[in-house]
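Down below is the structure, laid out as structure tokens.
The values are calculated or read from the model by the stated rules, or taken from the named source; none is laboratory data. What you see is a predicted model, and the numbers here were worked out from it, not measured in a lab. Cβ placement follows ideal geometry from the backbone for every residue including glycine, while neighbour counts extend to all protein chains displayed.
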Amino acid sequence: MGCNPRGSRLQVGVITLFAVLLLAGVARAAGNFYEDVDITWGDGRGKIVDDGKLLTLSLDRSSGSGFQSKNQYLYGRFDMQMKLVPGDSAGTIATFYLSSQGSQHDEIDFEFLGNASGEPYTVHTNVYSQGKGGREQQFRMWFDPTMDFHNYSVLWNPTRILFYVDGTAIREFKNREAIGVAFPRAQAMRVYASMWDAEEWATQGGRVRTDWSRAPFTASYRAFAANGCTSQDAAACGRSSSPWMYQELDGAAQDRLRQVQRDYMIYNYCTDTYRFPQGLPPECSAN
């Protein structure tokens, strides 16, 4: 029989792609909380229901609750749909974030600061590199996050970190190691979520305290998707051909990002000259 060069090349390509994915340890979460996460604290206040499709975290005066992903990841895209605590949630915080361990840890944060009735939630974002954070940007949303589920996403690759809300980028943190800014790229991170008490500072700097008569406060999570590299070898992960490894914002997405930041950002560390009297962090001018 004669050979088919085109078919041979296709077969080799498929095998090569499979080998790259296997080497990089690419994982895609199944979207079932029983399979994807462990509830790690809360003494029963965290509950997986609806055959693993829904997870609720609750907070009362005694304790909050939280969970973490079974896998660790070095780069990837991480999506979670959340519905936040309705009504007077002052002093409470619901979170969805990535973090490594130790005093020099890396971390990428979505935190949702509760509100008094009739006031909007604050969406708080932050990036830690080698134990150093302080890179906060805060936003209001263009919808009520307590009325329905909305999708919150983190994309993390060697060149940038992107924060998305319902598919719209609200923040981009670029790798600026060339000018001496540490960037998370060597420590594998788990995905975490929690519901906890921060009444000392969360709502109007702690001026509005938690109304514990409304407890328990409950946030709901669903549709968790983790598409990331489970290897702790940065070189192996760097050879992944997954789209998130090279993703960046095109012109239209950049325009939308600027519009969102103009209309909905309420705090940006890169404009806080009171906090940085000796000069803003170097990545601020680079951006």
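Within the range 121-162, which residues are touching a residue at least 60 places away in the same chain (Cβ under 8 Å), under 19 Å from GLU248 (Cβ atoms) and in a strand (DSSP E or B)?
Listed by number, the residues that qualify are GLN137, SER153, VAL154, LEU155, TRP156, ASN157, ARG160, LEU162.
Let me confirm something: among LEU74, LEU57, which residue is within 24 Å of ASN115 (Cβ to Cβ) and surrounded by 14 or more Cβ atoms within 10 Å (Cβ to Cβ)?
Selected residue: LEU57, the only one of LEU74, LEU57 that is within 24 Å of ASN115 (Cβ to Cβ) and surrounded by 14 or more Cβ atoms within 10 Å (Cβ to Cβ).
Right, ASP50: under 23 Å from ASP106 (Cβ atoms) and of a type outside the set (Val, Ile, Thr) or not?
no
Quick one: GLY118 ticks every box in (1) assigned to a loop (DSSP other than H, G, I, E, B); (2) over 23 Å from SER58 (Cα atoms); (3) of a type in the set (Gly, Ala, Ser) except a single one, so which number is it?
If we test GLY118 against (1) assigned to a loop (DSSP other than H, G, I, E, B); (2) over 23 Å from SER58 (Cα atoms); (3) of a type in the set (Gly, Ala, Ser), just (2) comes out false.
Can you work out which of the residues in the range 181-195 that are surrounded by fewer than 19 Cβ atoms within 10 Å (Cβ to Cβ), over 13 Å from the mean Cα position of the chain (by Cα) and modelled with pLDDT of 95 or more is nearest to TYR97 (Cα to Cα)?
ALA182
Is it the case, given these coordinates, that TYR164 is in contact with a strand residue (DSSP E or B) (Cβ under 6 Å, 6 or more places away or on another chain), of a type outside the set (A, V, I, L, M, F, W, C), within 17 Å of LEU113 (Cβ to Cβ) and surrounded by fewer than 21 Cβ atoms within 10 Å (Cβ to Cβ)? Can you show your working first?
Working: in contact with a strand residue (DSSP E or B) (Cβ under 6 Å, 6 or more places away or on another chain): yes; of a type outside the set (A, V, I, L, M, F, W, C): yes; within 17 Å of LEU113 (Cβ to Cβ): no; surrounded by fewer than 21 Cβ atoms within 10 Å (Cβ to Cβ): yes.
Here the answer is no, as TYR164 does not meet what is asked.
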